[in-house]
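Beneath this line is the structure, given in structure tokens, with notes to follow.
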Amino acid sequence: MIKLALFVRLEAKPGKEADIEAFLNTGLGLAQQEEATPIWFALRLGPSTFGVFDAFHDEAGRKAHLNGPIAQALMAQASTLFSQPPSIEHVDVLGLKNVA
């Protein structure tokens with residue numbers, strides 16, 4: 001059962017919006033390789049605001065993701081792409097409907 005999640009808010013530096021979209025598309029490929037990350041969304045919340053929502057079965061999966069290649073790439077690109085550090089919120093999933 002999916003119990004835990006992360007919500008990451010990303011604010012683009014002016015002119016970096018397309019670069020963030022490309023970064024998130026690359027992130028999808030990496031997320032598909034993570035067995036402990038069954039749900040992963042890249043989001044556009046506004047003209048310069050992006051987000052990532054990903055969910056996990058347990059804390060071990062969430063920690064593995066936070067220490068994995070997507071998080072490493074995100075932090076490596078943070079000063080280039082984002083106007084402020086990424087906001088990473090730990091979330092508890094209270095309910096889920098998933099039709100696949």
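The values are calculated or read from the model by the stated rules, or taken from the named source; none is laboratory data. All values reported here derive from a predicted model rather than from experimental measurement. Cβ atoms come from the backbone with ideal geometry, glycine included; neighbour counts cover every protein chain shown.
Considering ALA73, ALA55, ALA78, which residue is touching a Pro at 6+ places or on another chain (Cβ under 9 Å), touching a residue at least 40 places away in the same chain (Cβ under 8 Å) and among the small types (Gly, Ala, Ser)?
None of the other options fit; the residue is ALA55.
When the residues of region 44-81 are narrowed to those that are among the hydrophobic types (A, V, I, L, M, F, W, C) and touching a strand residue (DSSP E or B) at 6+ places or on another chain (Cβ under 7 Å), which ends up farthest from ILE2 (Cα to Cα)?
Keep residues of region 44-81 that are among the hydrophobic types (A, V, I, L, M, F, W, C), which gives 45, 50, 52-53, 55-56, 60, 64, 66, 70-71, 73-76, 78, 81.
Next, from what is left, pick out any that are touching a strand residue (DSSP E or B) at 6+ places or on another chain (Cβ under 7 Å): 45, 50, 52-53, 55-56, 81.
Working: LEU45: 24, PHE50: 23, VAL52: 16, PHE53: 13, ALA55: 7, PHE56: 5, LEU81: 31 Å.
The extreme case among them is LEU81.
Of the residues that make up region 42-58, is at least one part of a helix (DSSP H, G or I) and either surrounded by fewer than 17 Cβ atoms within 10 Å (Cβ to Cβ) or at pLDDT 95 or above (or both)? Break it down stepwise before answering.
Within region 42-58, the first condition is being part of a helix (DSSP H, G or I), and the residues that meet it are none.
Checking region 42-58: not a single residue is part of a helix (DSSP H, G or I) and either surrounded by fewer than 17 Cβ atoms within 10 Å (Cβ to Cβ) or at pLDDT 95 or above (or both).
PRO38 fails exactly one of the following numbered conditions: (1) within 12 Å of the chain's Cα centre (by Cα); (2) more than 27 Å from GLY15 (Cβ to Cβ). What is the number of that condition?
Going through the list (1) within 12 Å of the chain's Cα centre (by Cα); (2) more than 27 Å from GLY15 (Cβ to Cβ), PRO38 breaks only (1).
Suppose we keep only residues that are in contact with a helix residue (DSSP H, G or I) (Cβ under 7 Å, 6 or more places away or on another chain) and part of a helix (DSSP H, G or I) within region 74-100. Which one would you say is farthest from ALA18 (Cα to Cα)?
GLN77
Scan region 1-41 residue by residue and report those that are in a helix (DSSP H, G or I) and out of contact with any helix residue (DSSP H, G or I) (no Cβ under 8 Å at 6 or more places or on another chain).
Hits for region 1-41 are GLU17, ALA18, GLU21, ALA22, LEU24, ASN25, LEU28, GLY29.
Can you go through GLY95, GLY61, GLY27 and tell me which one is within 12 Å of the chain's Cα centre (by Cα) and not aliphatic (A, V, I, L, M)?
Exactly one residue qualifies, and that residue is GLY27.
Of the residues that make up region 5-26, is at least one surrounded by 16 or more Cβ atoms within 10 Å (Cβ to Cβ), free of Cβ contacts under 8 Å to residues at least 60 places away in the same chain, more than 15 Å from PHE82 (Cβ to Cβ) and of a type in the set (Val, Ile, Thr)?
Taking every residue of region 5-26 in turn, none turns out to be surrounded by 16 or more Cβ atoms within 10 Å (Cβ to Cβ), free of Cβ contacts under 8 Å to residues at least 60 places away in the same chain, more than 15 Å from PHE82 (Cβ to Cβ) and of a type in the set (Val, Ile, Thr).
Is it the case that region 61-74 has a residue that's of a type in the set (Gly, Ala, Ser) and surrounded by fewer than 14 Cβ atoms within 10 Å (Cβ to Cβ)?
Taking every residue of region 61-74 in turn, none turns out to be of a type in the set (Gly, Ala, Ser) and surrounded by fewer than 14 Cβ atoms within 10 Å (Cβ to Cβ).
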